[in-house]
Amino acid sequence: MSFEKSSIIPGTETIPHGPRVMIVAGEASGDLHGSFLVREMLAINPSLHFYGIGGNKMKEAGVRQLASAADIAVVGLSEVFSKAGAFIKIMARIRKSMDQLKPNLVILIDFPDFNLNIVARAAKKRNIKIFYYISPQVWAWRQGRVEQIKRLVDKMAVILPFEVDFYAAHGFAVHYVGHPLSDTVKSSFTKREARLHFGLAEKQTTIGLLPGSRTAEINRLLPAMMQAAQIISQKIPDAQYILPLAHTLDENIVASIIAQSGINVKIVPGRTYDVLACCDLAIVTSGTATLETGLMGVPMIIIYKLSLLSELMCRLIIKPQLIGLVNIIAGKIVAPELLQRDASGPRIAAEALAILLNEGKKQEVIAELQDIRAKLGEPGAARRAAQIACEMI
């Protein structure tokens with residue numbers, strides 16, 4: 001097999017000749033879904049060669065990296081400025097790779113500020129086809145961005161059923177492929193087995209803490225979670241707590257915040273779904289984890305905080321609405337949402353206790369979550385998206 005020796009872009013020196021695909025994901029969830037998509041595309045067409053930006057999962061799937069997703073991941077609008085230097089270098093590397101490697105297709109996974117404004121624009125100028133997998137949440141904020149998508153994107157695969165009608169109303173036909181989490185969100189354990197596996201008491205109230213995958217989220221939200229745990233434990237003295245640690249986090253930082261609370265928390269590296277299988281309720285940072293928790297049938301409290309600057313900027317461009325994916329899909333509040341100042345220990349504890357101490361309400365929430373899972377379609381989303389992408393090459 002011959003190799004292109006002229007490329008001097010780090011990470012792409014040994015990309016063989018043949019169909020090439022650039023794929024860009026900027027967050028942990030995008031990295032996961034990107035890895036599934038790459039594997040399905042390779043199953044359809046083993047001659048494809050992938051490069052781009054992602055995390056460890058995409059790398060393991062066979063994507064040569066121009067940069068790590070961690071280099072471009074930010075929490076809020078104000079955090080962009082601290083990574084300006086890295087952004088500029090990565091932007092230049094992306095454009096150079098398009099000129100040197102001439103990919104047959106560019107795949108964008110969510111992450112709209114970077115993917116639309118940087119990657120898609122560069123690809124469009126070079127007449128490279130663009131496939132957008134997993135729509136930005138334009139139905140929630142910045143709906144004017146739909147025109148930008150229509151101008152830049154050749155085809156889009158969406159994963160939420162209502163997105164088809166949303167885009168149709170704006171004159172853009174999209175493909176609904178179902179949600180990729182329908183394939184992956186499951187545990188081989190029963191609740192009893194999961195608790196025994198992790199060394200927890202079998203019959204005690206168990207609460208999951210999912211504080212996010214970024215250090216900034218941990219610093220903003222985990223202290224409030226721990227204060228809530230202190231209050232909950234006063235009402236439910238035998239309550240036990242478990243936290244699935246994202247691979248992007250430093251366990252020492254998490255353990256230090258937990259230690260200050262005096263609450264005992266079982267920290268488990270990864271294994272989010274097995275951890276959720278233990279739980280009667282979870283306190284979850286807004287994001288993909290809320291849908292994962294819902295698909296596991298676990299009642300939850302959704303919380304989130306932005307920096308002050310990011311909050312002020314968001315208030316100017318975002319209409320008040322539901323933010324948790326489970327609530328958006330249901331079209332109503334299934335899981336309480338506590339944002340900014342409301343994401344405090346006392347408020348979180350009050351909402352959690354309202355569910356934990358009312359078995360009828362708890363079962364009602366579980367039934368609602370089961371309905372949400374049914375709305376997300378049959379497994380096989382990544383395979384269906386891969387078929388669309390391969391047809392474009």
Residue check, Leu196 surrounded by fewer than 17 Cβ atoms within 10 Å (Cβ to Cβ) and more than 20 Å from the chain's Cα centre (by Cα): yes
Count of residues meeting criterion [open to solvent by less than 50 Å² (accessible area, probe 1.4 Å) and either among the aromatic types (Phe, Trp, Tyr) or within 30 Å of Ile44 (Cα to Cα) (or both)] in region 363-393: 11
Lone unmet requirement of (1) modelled with pLDDT of 95 or more; (2) more than 15 Å from Ala382 (Cβ to Cβ) for Ile44: (2)
Residues (in a loop (DSSP other than H, G, I, E, B) and polar (S, T, N, Q)) located in region 286-306: Ser286
Residues being open to solvent by 50 Å² or more (accessible area, probe 1.4 Å) and over 23 Å from Ile258 (Cβ atoms) - total across region 342-359: 3
Flag for Thr205 being open to solvent by 20 Å² or more (accessible area, probe 1.4 Å) and within 20 Å of the chain's Cα centre (by Cα): no
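For (1) in contact with a Pro (Cβ under 7 Å, 6 or more places away or on another chain); (2) in contact (Cβ under 8 Å) with a residue 40 or more places away in the chain, each residue gets a yes or a no:
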{"residue": "Ile257", "(1), (2)": "yes, no"}
{"residue": "Gly262", "(1), (2)": "no, no"}
{"residue": "Lys266", "(1), (2)": "no, yes"}
{"residue": "Arg271", "(1), (2)": "yes, no"}
{"residue": "Asp274", "(1), (2)": "no, yes"}
{"residue": "Ala277", "(1), (2)": "no, yes"}
{"residue": "Leu281", "(1), (2)": "yes, yes"}
{"residue": "Val284", "(1), (2)": "no, yes"}
{"residue": "Thr290", "(1), (2)": "no, yes"}
The one condition in (1) free of Cβ contacts under 8 Å to residues at least 40 places away in the same chain; (2) under 24 Å from Ile366 (Cβ atoms); (3) assigned to a helix (DSSP H, G or I) that Asp238 fails to fulfil: (3)
Test: residue in region 65-87 that is more than 20 Å from Arg214 (Cα to Cα) and either among the polar types (S, T, N, Q) or modelled with pLDDT of 95 or more (or both): yes
Test: residue in region 132-142 that is part of a helix (DSSP H, G or I), open to solvent by 20 Å² or more (accessible area, probe 1.4 Å) and basic (Lys, Arg): no
Enumeration of residues in region 177-198 that are assigned to a loop (DSSP other than H, G, I, E, B), farther than 16 Å from Ala386 by Cα and of a type in the set (Gly, Ala, Ser): Ser187, Ser188
Hits in region 98-113 - residues which are more than 15 Å from Gly18 (Cα to Cα) and either in contact with a Leu (Cβ under 9 Å, 6 or more places away or on another chain) or assigned to a loop (DSSP other than H, G, I, E, B) (or both): Ile107, Leu108, Ile109, Asp110, Phe111, Asp113
When residues of region 241-262 are limited to those that are of a type in the set (A, V, I, L, M, F, W, C) and in a loop (DSSP other than H, G, I, E, B), the one surrounded by the most Cβ atoms within 10 Å (Cβ to Cβ): Ala246
Out of Gln204, Gln230, sole residue that is outside any loop (DSSP other than H, G, I, E, B) and of a type outside the set (A, V, I, L, M, F, W, C): Gln230
Only listed residue being basic (Lys, Arg), modelled with pLDDT of 95 or more and more than 17 Å from Glu217 (Cα to Cα), chosen from Lys319, Lys362: Lys362
Options Phe172, Phe166; residue that is surrounded by fewer than 21 Cβ atoms within 10 Å (Cβ to Cβ), part of a loop (DSSP other than H, G, I, E, B) and in contact with a helix residue (DSSP H, G or I) (Cβ under 9 Å, 6 or more places away or on another chain): Phe172
Selected residue (only one of Val177, Val158, Val119, Val185 is modelled with pLDDT of 90 or more, β-branched (Val, Ile, Thr), closer than 20 Å to Gly331 by Cβ and surrounded by 17 or more Cβ atoms within 10 Å (Cβ to Cβ)): Val158
Flag if Ala61 is modelled with pLDDT under 95 and either surrounded by 20 or more Cβ atoms within 10 Å (Cβ to Cβ) or of a type in the set (Gly, Ala, Ser) (or both): no
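The values are calculated or read from the model by the stated rules, or taken from the named source; none is laboratory data. These numbers were taken from a predicted model, which means no experiment stands behind them. Neighbour counts run over all protein chains shown; Cβ positions are idealised from the backbone, glycine included. Heads up: the accessible areas ignore ligands, DNA and RNA and are worked out on the full protein's heavy atoms, side chains in. Shrake-Rupley method; radii C 1.70, N 1.55, O 1.52, S 1.80 Å.
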